[in-house]
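Data first, discussion second: the structure below is written as structure tokens.
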Amino acid sequence: MGTQVLLMGSYRLRCLQCGRFVNDPYRLRCGDHTGLLRPEYATRSLDIKKAKSVFKFYDWLPISSTADSNAAPVVFRNERLNKELGLKDMWVAFTGYYPERGAFVRSCSFKEMESLPTMVRIRDKRKGTIVVASAGNTGRAFAQTSNDLGMNSVIIVPERSADRI
């Protein structure tokens, strides 16, 4: 491990117990301690980009490129629901596919916010095929994203869940 600091994209990983930097972007611990590593970002304040998806947070994602996507949660005020519940100013946060409201998460799962940067990172590192074990939403999101990006993936699901993916 040593004292060398390897900048991984826009962040580096530090052990909170000993303060050392870890050069392996796939490690969760420094090796000497049990606590998780904390990322320290090159950009100290969040500069939200003009992207329509999770890539608007580019500076704080472990990626070096983006992908064309407009998958993102939307927030809207639903007049009928407000009236039905006797409320005046309730807003709904929605992650799914509802084009009339501007929601384009094609897997219909918030897990797509995870699969997008993960698959972009794999694509950028040219590291083969991802294997995902899932009983539902995670597998569905990774299957959708790998298809959208033209990448290979292997999704392992329990037999009883196969028809839901």
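None of 92, 120, 132 is buried (at least 18 other Cβ atoms within 10 Å of the Cβ), touching a strand residue (DSSP E or B) at 6+ places or on another chain (Cβ under 8 Å) and among the β-branched types (Val, Ile, Thr) except 132.
Pairing residues of region 14-35 that are in a loop (DSSP other than H, G, I, E, B) with residues that are polar (S, T, N, Q), at Cβ distances under 7 Å and at least 6 apart in sequence or on separate chains, gives 23/4; 33/17; 35/17. For region 90-142, a residue qualifies if it is over 15 Å from residue 153 (Cα atoms) and in contact with a Leu (Cβ under 8 Å, 6 or more places away or on another chain), and the qualifying residues are 90, 92. Checking 133, 71, 143 one by one, the residue that is under 17 Å from the mean Cα position of the chain (by Cα) and more than 18 Å from residue 54 (Cα to Cα) is 133 and no other. Consider region 84-122 and keep the residues that are under 12 Å from residue 146 (Cα atoms) and among the hydrophobic types (A, V, I, L, M, F, W, C). The one that is farthest from the chain's Cα centre (by Cα) is 122. Condition check for residue 109 on (1) in a loop (DSSP other than H, G, I, E, B); (2) surrounded by 11 or more Cβ atoms within 10 Å (Cβ to Cβ); (3) free of Cβ contacts under 8 Å to residues at least 12 places away in the same chain: one failure, at (3). Taking first residues from region 52-71 that are over 18 Å from residue 147 (Cα atoms) and acidic (Asp, Glu) and partners that are part of a loop (DSSP other than H, G, I, E, B) and at pLDDT below 90, the Cβ contacts under 6 Å between residues at least 6 apart in sequence or on separate chains come to 59/10; 59/43; 59/47. Looking at residue 57, is it surrounded by 12 or more Cβ atoms within 10 Å (Cβ to Cβ) and under 30 Å from residue 42 (Cα atoms)? Yes. Which ones in region 60-86 are surrounded by fewer than 12 Cβ atoms within 10 Å (Cβ to Cβ) and part of a loop (DSSP other than H, G, I, E, B)? Residues satisfying the conditions are 65, 68, 86. Within region 135-165, can you find the residues that are surrounded by 13 or more Cβ atoms within 10 Å (Cβ to Cβ), assigned to a helix (DSSP H, G or I) and among the aliphatic types (A, V, I, L, M)? Of everything in region 135-165, those that are surrounded by 13 or more Cβ atoms within 10 Å (Cβ to Cβ), assigned to a helix (DSSP H, G or I) and among the aliphatic types (A, V, I, L, M) turn out to be 141, 143.
Conditions (1) modelled with pLDDT under 90; (2) within 30 Å of residue 19 (Cα to Cα); (3) in contact with a Gly (Cβ under 8 Å, 6 or more places away or on another chain); (4) assigned by TED's automatic domain parsing to the domain that holds residue 17, marked per residue:
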position	(1), (2), (3), (4)
85	no, no, no, no
88	no, no, no, no
91	no, no, no, no
116	no, no, no, no
120	no, yes, no, no
126	yes, no, no, no
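Here residue 93 fulfils each of the conditions (1) small (Gly, Ala, Ser); (2) in contact (Cβ under 8 Å) with a residue 24 or more places away in the chain; (3) not in a loop (DSSP other than H, G, I, E, B) apart from (2).
The values are calculated or read from the model by the stated rules, or taken from the named source; none is laboratory data. From a predicted model like this one, the values you see are computed outputs, not experimental measurements. We place every Cβ from the backbone using ideal geometry, glycine too, and count neighbours over all the protein chains shown.
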